[in-house]
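The values are calculated or read from the model by the stated rules, or taken from the named source; none is laboratory data. Here the structure is a predicted model, which means the values were calculated and not measured. FYI the Cβ positions are ideal-geometry reconstructions off the backbone, even for glycines, and counts take in every protein chain you see. Protein only, heavy atoms only, side chains kept; ligands, DNA and RNA dropped before computing areas. Shrake-Rupley method; radii C 1.70, N 1.55, O 1.52, S 1.80 Å.
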Amino acid sequence: MSDSLTLPCPHCAAANRVPAARLAETPRCGACHQPLFTGKPLALDEAGFQRHLRLSSIPLLVDFWASWCGPCRAMAPAFEAAAAELEPAMRLVKVSTEEAPALAAQLRITSIPTLALFRDGREVARQAGALPARQIVTWARSHQAR
Ligand SMILES: [Zn+2]
């Protein structure tokens, strides 16, 4: 059914089916019973990212970052604020290019921070460089529509 969404749980990674109309009603995971949205970015390794990319019906907004990158650390609070605003319309994810170097190479992440929006399993927009929270939200929403 087109109005039913698949959402991997941010806690246990179980795939959940949620009616689109109930997305805003704080849905919980059927397996671990924790909230499917926490209002905070979800840190994923390569396997976790691939699972969410493959299964998630909602867009993924990914912050590719590294601990040694000053602008990345400076943008972290803005990305967290953007998560509170953009969920549950999309899932905000953080991927460390230090912990997932093969993935970063495969996606040709050449500078960090890089924001990339994935929809239906493929990348639809990319933005290199740090942005304030308001601009992250505006940028993501401008590329969200099908
Ligand atoms: Zn769960």
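General remarks:
- Just one residue in the set ARG17, ARG22 is surrounded by fewer than 16 Cβ atoms within 10 Å (Cβ to Cβ), within 16 Å of the ligand (Cβ to nearest atom) and not β-branched (Val, Ile, Thr); that residue is ARG17.
- Checking the stated criteria, GLY48 turns out not to satisfy the condition of being within 16 Å of the ligand (Cβ to nearest atom), surrounded by fewer than 21 Cβ atoms within 10 Å (Cβ to Cβ) and assigned to a loop (DSSP other than H, G, I, E, B).
- Selection within the stretch 21-42 - modelled with pLDDT under 95 and over 18 Å from the mean Cα position of the chain (by Cα): ALA21, ARG22, GLU25
- Scanning the stretch 51-69 for residues that are more than 12 Å from the chain's Cα centre (by Cα), away from the ligand (no atom under 16 Å from the Cβ) and not in a loop (DSSP other than H, G, I, E, B) yields a total of 2.
- Residue count, the stretch 33-45 (criterion: loosely packed, with under 14 Cβ neighbours inside 10 Å and touching a His at 6+ places or on another chain (Cβ under 8 Å)): 1
- Subset of the stretch 1-14 that is away from the ligand (no atom under 16 Å from the Cβ) and open to solvent by less than 90 Å² (accessible area, probe 1.4 Å) - its residue that is modelled with the lowest pLDDT: ASP3
- For the stretch 25-38, filtered to residues that are within 10 Å of the ligand (Cβ to nearest atom) and assigned to a loop (DSSP other than H, G, I, E, B), the residue that is nearest to LEU60 (Cα to Cα) is LEU36.
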